[in-house]
1. B:GLY157 - would you say it is on the phi > 0 side of the Ramachandran plot and more than 14 Å from every other protein chain (Cβ to nearest Cβ)?
2. Looking at segment B:243-266, can you tell me whether even one residue there is surrounded by fewer than 21 Cβ atoms within 10 Å (Cβ to Cβ), at pLDDT below 95 and within 11 Å of chain A (Cβ to nearest Cβ)?
3. If I go through segment A:36-52 residue by residue, how many of them are in a loop (DSSP other than H, G, I, E, B) and in contact (Cβ under 8 Å) with a residue 40 or more places away in the chain?
4. Within segment A:213-222, can one find any residue that is under 19 Å from A:LEU282 (Cβ atoms) and crowded, with 18+ Cβ neighbours inside 10 Å?
5. Which is part of a loop (DSSP other than H, G, I, E, B) and either within 14 Å of another protein chain (Cβ to nearest Cβ) or within 26 Å of B:PHE109 (Cα to Cα) (or both), of B:LEU57, B:LEU47, B:LEU74?
6. Please go through (1) within 12 Å of another protein chain (Cβ to nearest Cβ); (2) touching a residue at least 12 places away in the same chain (Cβ under 8 Å) for B:THR87 and return the number of the only condition it doesn't satisfy.
7. Residue check: is B:GLN10 more than 11 Å from every other protein chain (Cβ to nearest Cβ) and of a type outside the set (A, V, I, L, M)?
8. Within segment A:60-83, can you find the residues that are touching a residue at least 24 places away in the same chain (Cβ under 8 Å), surrounded by 23 or more Cβ atoms within 10 Å (Cβ to Cβ) and under 24 Å from A:LEU126 (Cβ atoms)?
Amino acid sequence: MNGRARRSVPVGAVDLAVRIGPLRLRNPVLTASGTFGYGDEYAHVVDVKALGGVVTKTITLEPRSGNPPGRIVETVGGMLNSIGLENVGLERFRREKLPRLRALGATVVVSLGGETPAELERLLGLLGRERAIAGFELNFSCPNVAKGGARYWAVPRRLERTLARLRPLTKQALIAKLSPDVTSIGDLARACEQGGADGVTACNTFVGMAVDLTRLRSRLGRATGGLSGPAIKPLALARCHEVARAVRIPVIGSGGIMDARDALEYLAVGASAVQVGTATFLQPDAALRIVTGLRAALAARGIGSVREWNGVLCGEPLGEGSAAKVPSRRRTR
Amino acid sequence: MSAARPVWRQSRARVVRQDDHGAGHRWLELEVKPPFAPPRPGQFVQLRLPSVANPVLLPRPMSVASVARSRGALRLGFLYAPIGLGTRALAGLGAGSEVELLGPLGRGFPLDHSGTPVLLAGGRGVAPMLFAADVLARRTRSGRAPRPAVLLFGARGRAQLVGLEDAHRRLATLGGRLHVCTEDGSAGPRGNVVQLLERVTPGLAGPLVLHACGPHTMLRAVALWSLEHGVPAFLAMESMMACGTGVCRGCPLPRSARARAAYDPVSAPSLHGNREWAMCCTEGPVFAAEDLDWEHIS
């Protein structure tokens, strides 16, 4: 960087460890909720212990059967989904999935979904002291449900009060996952920080549509779905940057990350960690490849710790001549 | 049952050959090495092109049309029509090119089911049915109860009877019988496969069991016929998919009222569907006729 002679850093010596509040991650690469099952479904092809962490499919109090087909549509460089939070519900998750997660030894972040603050309180009350769970991601941003979705939660005061009610229920990390389809994602992130969140994930999918011209109707079962994949990366990267500049708690970047270079961009604009989602549908081991690629890329740049890279482009508005390295403000150590 | 772990693998495969198969279709052969397990008829793989040649995002589910073993590797055959961006790019790959595979995925045809098997194919749906005929013939030769392969092959017209010569050749080698029909009467009797089935059935030793692959309109007709006549039938369904492994929950098919009533959320694997929806990728793609709500399948 800046024409300085690079230190030589052996690939194996690169330190990838980061922290999201009380949550210690061996590396900054997590799976995104809804793309890796409940943590064990890909365990026969992916060493899940080598990932930074696994974020489960969103759990709700009761099982949900999800939306009618079509649920998936491929678009240019992306995919729309309208799954509708289909999940096995809290009871089956506790009975069947938690024992497997304990045995797996992975760092497991459980995604929780609720239509009201009270529902989230109930979920966290029941799971908050579970030792197999390293943290919780609160899904404040599902675009595909009629109640308790992204619109409902896009109110700063509601987010702040909800976080404040949830905070006493667990000592584990509480992470708020936000929707990009809002007037100011920075305002929402600040509200979560005020309420006591340990981190913010920026961001969930973008609301999108696709029309079947032959049958003249939506190609999805509902009118709209959530767009993910490389098509949204520049958009989500900007949201991540905006959030990183708005809060002091760590930010987890998410949106169209397909390889280590994408991850480096997110980390540079202020993310402490990243989530890999759609890429896993292409290659189940995508997140693991990104861990390997990240280590190699940092070593090649002479950077011994990912924390040196974190937020190098976060401190100032990103304009001409602003590529200077600035100290990270994020609490990632 | 819920403890059963998936056996599919993520693997690289090499194009061994690829050529025209008539009526705008391609025949593709891939070589893949262990631990990739041999697929069974009705199972599928998720095929993804190497990044440099890939104009699409998601992998494509491809039904397996043949399996052969060669020097410790598996040789998998596929029949497809290059109609979209992804399949057109696939058609451009020559021998030696690499692709990525996930598989084998889903549940295939229950060829051990009691009864005389009748295979029904519509258009390029013939691919897995020829594979099923191969397997049935092998079982017959290995001394199990004789199961003469009977294949009913229908399409709009002669041109859409994809790989008809290949079907004739393979059925002849296997000692099976091939009956064809077309909606325009350009080959075989005029009509659809259900009408052909009614015509052929009296000559077959009953009871029968049907295995079918083709467009959903054909499968619905076969399913309704089977339910009406009390003949077990197994249908290979299609759906848009993202992952192909039960994780994304993207390929639901509606369960019949009977299947919803029988659904047990405790013992049913979580990678399968739920009370309302069956996942095409893990529970299927082959379904028993009585398990789906045919009125609500498009």
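1. Details: on the phi > 0 side of the Ramachandran plot: no; more than 14 Å from every other protein chain (Cβ to nearest Cβ): yes.
Criteria not met by B:GLY157.
2. Looking through segment B:243-266, at least one residue is surrounded by fewer than 21 Cβ atoms within 10 Å (Cβ to Cβ), at pLDDT below 95 and within 11 Å of chain A (Cβ to nearest Cβ).
3. Filtering segment A:36-52 for residues in a loop (DSSP other than H, G, I, E, B) gives A:36-47, A:51-52.
With in contact (Cβ under 8 Å) with a residue 40 or more places away in the chain added as a condition, the list becomes A:36, A:38-40, A:42-43, A:45-47, A:51-52.
Result for segment A:36-52: 11.
4. Pass one, segment A:213-222, residues under 19 Å from A:LEU282 (Cβ atoms): none.
Taking every residue of segment A:213-222 in turn, none turns out to be under 19 Å from A:LEU282 (Cβ atoms) and crowded, with 18+ Cβ neighbours inside 10 Å.
5. Numbers: B:LEU47 fails: part of a loop (DSSP other than H, G, I, E, B); B:LEU74 fails: part of a loop (DSSP other than H, G, I, E, B).
Being part of a loop (DSSP other than H, G, I, E, B) and either within 14 Å of another protein chain (Cβ to nearest Cβ) or within 26 Å of B:PHE109 (Cα to Cα) (or both) holds for just one of B:LEU57, B:LEU47, B:LEU74, which is B:LEU57.
6. (1)
7. On the way: more than 11 Å from every other protein chain (Cβ to nearest Cβ): no; of a type outside the set (A, V, I, L, M): yes.
Considered against the rule, which asks whether it is more than 11 Å from every other protein chain (Cβ to nearest Cβ) and of a type outside the set (A, V, I, L, M), B:GLN10 comes out as no.
8. A:THR60, A:ILE83
The values are calculated or read from the model by the stated rules, or taken from the named source; none is laboratory data. Because the structure is a prediction, the values reported are computed rather than measured. Here Cβ is always computed from backbone atoms with ideal geometry, including for glycine, and neighbour counts include all displayed protein chains.
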